[in-house]
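Quick note: the coordinates plus some simple rules give every number you see, no bench work behind them. On a predicted model such as this, the values are computed, not experimentally measured, just so you know. No Cβ is skipped: glycine too gets one built from the backbone with ideal geometry, and neighbour counts run over all protein chains shown.
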Amino acid sequence: MVQKNKYLLVIAGPTAVGKTALCINLAKKFNTVIISSDSRQFFREMELGTAKPSQEELGLVPHYFINQLSIHDHYDVRDFEKEALHLLDQLFQEHDLIIMTGGSGLYFDAVCEGFDDIPSIDPEIRKYLNQLYEEMGIEAIQKKLSQLDPDYYAQVDKNNPQRLIRGCEVTMGTGKPFSIYRKKKKANRPFKIIKVGLERDRAELYERINWRMEEMIKAGLFEEAERLFPFKHLNALQTVGYSEIFGYLEGNYDREEAIRLLKRNSRRYAKRQMTWFRRDENMHWFHPQQIDQIASFVEDQMEV
């Protein structure tokens, strides 16, 4: 049963679009808190490459699900769904509106719509798949998933090894395609959901992505990746912003090429994010500088 006058405000958008600044302004206006659903920002060892809010920004408004995990911890979208719903239940005792933001569409969907329960999988299967990925590359995992579950393969981000490996391990571990476990019917949540998507002109967004990557590099992104290099096999580090530098550290190409790949893959990542969010018919789109218009929209939705 939906709680009366309890709202989850989802602020979605691609990397570098301007989610952090907008959410802090909205949180101040509505006297509330922010939940991060960005799966890359959960891990405390990954600082620069995940574009977390600065310490100053974190001090302006309470944030949750940032830096609460180690890259050595096993954590997936089902864990986030369970913990986020529990946290929301607590926070709604003090707030009528909670903000959830990030660029991980799968994690948004977990909280807003839910997932079917998936049986526990033998960890040896993931170990085998991770070894296959290390030795044979992402193409081997792509090929295996396309054979095991062509339906999921047609939908999945084919450049994301975590998603590919997850699809393979569930199918291999249960004997049933991963696609059948993806919930067809939305879960009922005890709160109302307001969805706001942030967008910029593509040229403007790509310029911001390139600029931010330069700033990350100046701040020490290569040095951070070098410190994490011994753990490059961990799932948390199979992501844009680190894998490109790992390739450089392995001697596959020079630093200039690594920087080119960082920028290119970040732009491609943003494009995939927008494709995911665009499919949601309940998403209402704004430019991130339209703070007053967004606030008015939210207030109108809360009066409905």
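Taking trypsin sites (Lys or Arg not before Pro) as exposed when DSSP calls them loop (any state but H, G, I, E, B) and at most 11 other Cβ atoms lie within 10 Å, what is the longest stretch of the chain free of them, the sites themselves excluded?
Details: sites that count: Lys4, Lys184, Lys185, Lys186, Arg279.
Excluding the exposed sites themselves, the longest stretch runs over 5-183.
For a Förster distance of 35 Å, can you work out the FRET efficiency between the beta-carbons of Glu135 and Lys271, rounded to the nearest 0.05? Intermediate values should be presented prior to the final figure.
Values: r = 30 Å, r/R0 = 0.84.
Efficiency, rounded to the nearest 0.05: 0.75.
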(Q) Working only with C-alpha atoms, what are the Rg and Dmax values of the range 1-122, expressed in angstrom? (A) 14.4, 47
Q: Enumerate the amide H contacts of Trp285 below 5 Å, restricted to partners 5 or more residues apart or on another chain; note that Pro and chain-start residues carry no placed amide H.
A: Gly197
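Do any GluC sites (Glu not before Pro) in the range 263-304 lie in a loop, going by DSSP, with at most 15 other beta-carbon atoms within 10 Å of their beta carbon, and if so which? Let's see the in-between values first.
Numbers: sites: Glu281, Glu299, Glu303; in loops: Glu281.
Qualifying residues, ordered by number: Glu281.
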Q.
Once each part is reduced to its C-alpha centroid, what is the distance from the range 189-246 to the range 6-29 in angstrom?
A. 17 Å
Q: Starting from the range 240-275, pick out the GluC sites (Glu not before Pro) whose DSSP state is loop and whose Cβ has at most 14 other Cβ atoms within 10 Å.
A: Glu250
Q) Of Asn282, Leu106, Ile11, which is farthest on the positive side of the dipole of the chain, counting Cα position, with +1 on Lys and Arg Cβ, -1 on Asp and Glu Cβ, and the Cα centre as origin? A) Asn282
(Q) I need the calculated FRET efficiency for the pair Asp89 and Ser146, taking r as the beta carbon distance and R₀ as 41 Å, to the nearest 0.05. (A) 0.55
Q: Quick one: dipole size for the chain, taken about the Cα centre, charges +1 on Lys/Arg Cβ and -1 on Asp/Glu Cβ, in debye to the nearest 20.
A: 760 debye
Q.
With n ≥ 4 as the cut-off for DSSP H runs, can you work out [θ] at 222 nm for the chain, using -39500 (n - 2.57) per run divided by the number of residues, rounded to the nearest 500?
A. -16000 deg cm²/dmol
Q: With θ set to phi - 60°, apply the Karplus curve 6.51 cos²θ - 1.76 cosθ + 1.60 along the range 32-46 and write out the HN-Hα couplings as whole Hz, x wherever there is a Gly or Pro.
A: 9, 10, 10, 9, 8, 10, 7, 4, 7, 8, 5, 9, 5, 6, 9
Q | Proximal charge balance of Ser70 [Cβ under 12 Å; K/R count +1, D/E count -1] | A | -1
Q) So what are the three principal axis dimensions of the chain from its Cα atoms, in whole Å, longest to shortest? A) 56, 47, 31
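Order of Thr171, Thr239 from fewest to most other C-beta atoms within 10 Å?
Working: Thr171 23, Thr239 20.
Ranking Thr171, Thr239 by Cβ neighbours within 10 Å, fewest first, gives Thr239, Thr171.
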Q) Which links in Lys143/Lys186; Lys143/Lys218; Lys176/Lys263; Lys29/Lys52; Lys127/Lys232; Lys6/Lys186 stretch past 26 Å when you go from one Cα to the other? A) Lys143/Lys186; Lys143/Lys218; Lys176/Lys263
